[in-house]
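J.: Just dropping this structure here.
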Amino acid sequence: MRRIFKFSNVKVMVGAAIAGTKEGEGPLSANFDVIEHDAYFGQKSWELAEGELQSQTASLALQKASLNSEDVDIVICGDLEDQCFASSKGAMRSASSMLGIYGACSTMSEALLVSSMAISGGFAKRVMSLTSSHFCAAEKQFRFPLEYGAQRPQTSQWTVTASGAIILEHGEEENGVYITRGMIGKPIEMGITDANNMSAAMAPAAKDTICEFLKLSGESPENYDLILTGDLGKEGSRLMKELATEEGVDLSGVHNDCGLMIYDTERQDVHSGGSGCGCSASVVASHILNEMKSGRLKRILYVATGALLSATSALQGQPITGIAHLVEMEVR
């Protein structure tokens with residue numbers, strides 16, 4: 001049975017985001033804390049580079065919050081690499097306790113959900129939600145190494161090289177940005193097998209979670225300044241809104257997608273838009289939090305979507321399962 005979780009006093013303390021060169025050339029460049037032009041991040045492999053990217057982002061979040069690593073009870077983190085390799089490197093210098101999770105591109109909203117449960121339930125005082133993705137590492141694992149020079153169809157998305165970290169804490173009704181409610185996504189499979197069109201697999205899951213939340217909560221799209229998905233790109237956003245319209249929910253005036261926001265899709269060669277764990281994480285941890293703290297956004301739904309496939313399942317032609325987790329964020 002689907003249910004809405006109501007959280008008590010879960011306050012956003014800080015957000016931090018580091019992005020790569022291509023992301024730094026996009027429309028949100030001024031929002032990122034750091035734009036790193038070395039794709040290797042000083043390391044010897046793409047996998048180690050992503051680990052260093054996540055580690056630097058975690059350290060930056062601690063610095064912005066004026067905290068030491070021992071001040072954070074848990075780091076809940078994930079990435080696209082096998083066995084959360086990058087996250088293990090990223091969490092190593094930022095906390096004594098780590099929970100590694102995998103939700104593909106939905107990892108950040110999943111991390112925020114679990115973090116909010118830990119704080120609201122009284123099991124932790126401060127929790128860091130941390131994710132990342134790296135274009136070269138993801139291409140190597142899920143498709144082909146860059147040296148192969150594979151052609152990308154127009155439905156494909158560009159894996160973002162970026163990392164986002166958000167530190168949550170127990171807040172006693174102070175002013176600020178709070179996570180107030182959440183909903184865990186339901187795995188949905190519609191027979192999509194094309195790993196270059198993952199947005200089509202994720203769109204039904206995004207529609208399902210958003211429509212179910214609105215139905216159970218009694219809310220309407222007009223009650224929110226923004227319903228933000230990540231990362232459906234052009235194709236998935238169009239499909240999701242069409243599916244929602246069939247259920248009588250009009251999202252056209254309030255919806256945007258992190259995969260469309262992080263790049264200039266007309267000027268930058270990213271085809272359908274951006275994707276990856278670090279896409280929505282970096283957008284929310286920088287631009288969205290800035291907009292909320294300035295008062296331009298006061299109430300949003302953040303619904304990150306994931307395509308739950310592996311390199312093996314893609315080669316076997318297995319259908320791609322989609323999932324979408326939701327958190328509600330409000331300014332007090």
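Read-outs: derived from the displayed coordinates by stated rules, not from any lab. For clarity, every value in this text was computed on a predicted model and none was experimentally measured. Methodologically, a virtual Cβ is constructed for each residue, glycine included, from the backbone with ideal geometry; neighbour enumeration extends over all protein chains shown.
J.: If each residue's Cβ is checked for other Cβ atoms within 10 Å, how do 303, 12 rank with the fewest at the top?
T.: Placing the least packed residue first, the sequence is 12, 303.
J.: Rounded, prolate or oblate: which fits segment 191-237, taking a ≥ b ≥ c as square roots of the Cα gyration tensor eigenvalues, rounded meaning a/c under 1.5, else prolate when a/b beats b/c?
T.: oblate
J.: Here's a follow-up. Mark the label point 7 Å from the Cα of residue 71 along Cα→Cβ and return the residues of segment 43-62 whose backbone N is within less than 12 Å of it.
T.: 61-62
J.: List 161, 193 from most exposed to least, where exposure is judged by having the fewest other Cβ atoms within 10 Å.
T.: Exposure proxy ranking, most exposed first: 193, 161.
J.: Calculate, in whole percent, how much of the Cα-Cα pair population of segment 175-216 lies beyond 14 Å.
T.: That tail contains 57 percent of the Cα-Cα pairs.
J.: In addition: With 10 angstrom as the radius, rank 102, 263, 40 by how many other C-beta atoms surround their C-beta, starting from the fewest.
T.: Lowest to highest Cβ neighbour count: 40, 102, 263.
J.: Could you check how many percent of all C-alpha pairs in segment 5-170 are farther apart than 25 Å?
T.: Considering segment 5-170, 30 percent of its Cα-Cα pairs are separated by more than 25 Å.
J.: Looking at segment 270-315 from every direction and averaging, what is the projected area of its Cα convex hull in nm²?
T.: 4.5 nm²
J.: Give the distance, in whole Å, between the Cα centre of segment 28-63 and the Cα centre of segment 69-110.
T.: That distance is 15 Å.
J.: Next question, about the same structure. How much mean residue ellipticity at 222 nm does the chain get from its helices, if each DSSP H run of length 4 or more adds -39500 (n - 2.57) and you divide by all residues, to the nearest 500 deg cm²/dmol?
T.: It lands at -9500 deg cm²/dmol.
J.: Just the ratio, please: alpha-carbon radius of gyration of segment 177-331 over 2.2 N^0.38 Å, N its number of residues.
T.: That ratio works out to 1.01.
J.: Now a separate question. What are the extents of the Cα atoms of segment 29-91 along their three principal axes, in Å, largest first?
T.: 32, 31, 17
J.: Okay, moving on. Would you mind putting 220-228, 165-173 in packing order, based on average other-beta-carbon counts within 10 Å, highest first?
T.: 165-173, 220-228
J.: Would you calculate the volume per residue, in Å³, of the smallest convex hull containing every Cα atom of segment 1-56?
T.: Spread over its residues, the Cα hull of segment 1-56 gives 165 Å³ apiece.
J.: Mean projection of the alpha-carbon convex hull of segment 158-233 over all orientations, in nm²?
T.: Computed as one quarter of the Cα hull surface, the answer is 7.4 nm².
J.: Residue 313 versus residue 30, label points 7 Å from Cα toward the beta carbon: distance in nm?
T.: Going by the 7 Å Cα→Cβ label model, 4.1 nm.
J.: Separate question: In Å and from the alpha-carbon atoms only, list the Rg and Dmax of the chain.
T.: Rg then Dmax for the chain, in Å: 18.0, 54.
J.: Let me ask another. Relative contact order of the chain, please, whole-number percent, based on alpha carbon pairs below 8 angstrom and at least 6 residues apart.
T.: Normalised by residue count, the contact order of the chain is 26 percent.
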